[in-house]
Amino acid sequence: MTSTPTPLPDASASGTWTLGGELTVNRIGFGAMRLPQRGEALVETAVPRDRAEAIAVLRKAVDLGVNHIDTAAFYFSPTRSANELISSALGGPYPDDLVIATKVGPCRDASGAWGTHARTPEALRGQVEENLRQLGRDHLDVVNLRIVGTDSIADRFGALAELREAGLIRHLGVSNITPEQLGEAQAIAPVVCVQNMYGIGVRPEYEDFVRLCGEQGIAFVPFYAIAAAGRQGGATAAESPEVLAVAEAHGASAAQVRIAWTLHQGPHLLAIPGTGDPAHLAANVEAGALRLTPEDLALLHGLHHAPEAG
């Protein structure tokens, strides 16, 4: 008797969202930060990932319906660049429905050491052009201005708005920002997405901000939604009993529950979990089909608002 093969997960099960009224993406995407190395990302001593493995993961992501990839020119290890891996794996030509979002602001030199954030029009244009070169494209679908601090972003966002008018960028987003900075950006040019750190037990005070983005038709794209306090080092902390209980009830992993919770916070939430492991990739995509019950959500809501949660 021939057994029926298990169907592959598909990112379309997560639903879709349209960025800027024209770029429709599945709500489960892929974050490329972890792709160039094993272990902790964004460090000079990162251990490069096998090139063939990284390219295979990217191609599998697209095979599983992922059509939203988040990247940056500062995602690299000593011998691997996320952007150039993406170009090698998926370019020539890229799939028609693939949306690649990148970000500018942070700066690393060729050795991997962190430099001064780009704040001038010249520095920001240089970063945009570097992303174009590495990705092998004549325009960028989405560019997020990544911020550190709460000072004015008008000059920096205005510089990117000029590059948008020039045709180098289709849509603009902002990252690691306050509601006030979002309002400042919106007064200059349309904003299609906000990328901020958010997850179960992480910045519960952002709930109103998340809701505001949805009301304004802006995608909210949390980073470190799985890793939480582990940040670029990954999910290193012991998992909470609440998350484990929900995972057991659904026959899922804790990471899948965290992804599903993200998607349950509103139709404008986009998940961008990253991995260099094909099995983890499939599990992340599968999480888009996980439907949490009202009881699950109530339990996780309590954890989200508990002191020192996550």
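The values are calculated or read from the model by the stated rules, or taken from the named source; none is laboratory data. Everything quoted here is computed from the prediction, not taken from an experiment. Cβ atoms come from the backbone with ideal geometry, glycine included; neighbour counts cover every protein chain shown. Heads up: the accessible areas ignore ligands, DNA and RNA and are worked out on the full protein's heavy atoms, side chains in. Shrake-Rupley method; radii C 1.70, N 1.55, O 1.52, S 1.80 Å.
Annotations
- All positions within region 143-168 that are within 14 Å of G105 (Cβ to Cβ), touching a strand residue (DSSP E or B) at 6+ places or on another chain (Cβ under 7 Å) and not in a loop (DSSP other than H, G, I, E, B): V143, N144, L145, R146, R156, F157, L160, L163
- When residues of region 1-48 are limited to those that are over 21 Å from P106 (Cβ atoms) and basic (K, R), the one most open to solvent (accessible area, probe 1.4 Å): R38
- Filter result (among the small types (G, A, S), open to solvent by less than 20 Å² (accessible area, probe 1.4 Å) and in contact (Cβ under 8 Å) with a residue 60 or more places away in the chain) within region 249-281: A271, G276
- Within region 187-229, the set of residues being more than 23 Å from F157 (Cβ to Cβ), assigned to a loop (DSSP other than H, G, I, E, B) and not aliphatic (A, V, I, L, M) comprises G201, Y224.
- Boolean, E84 is of a type in the set (D, E, K, R) and in a loop (DSSP other than H, G, I, E, B): no
- Scanning region 50-64 for residues that are open to solvent by 10 Å² or more (accessible area, probe 1.4 Å) and closer than 23 Å to Q195 by Cβ yields a single hit, V62.
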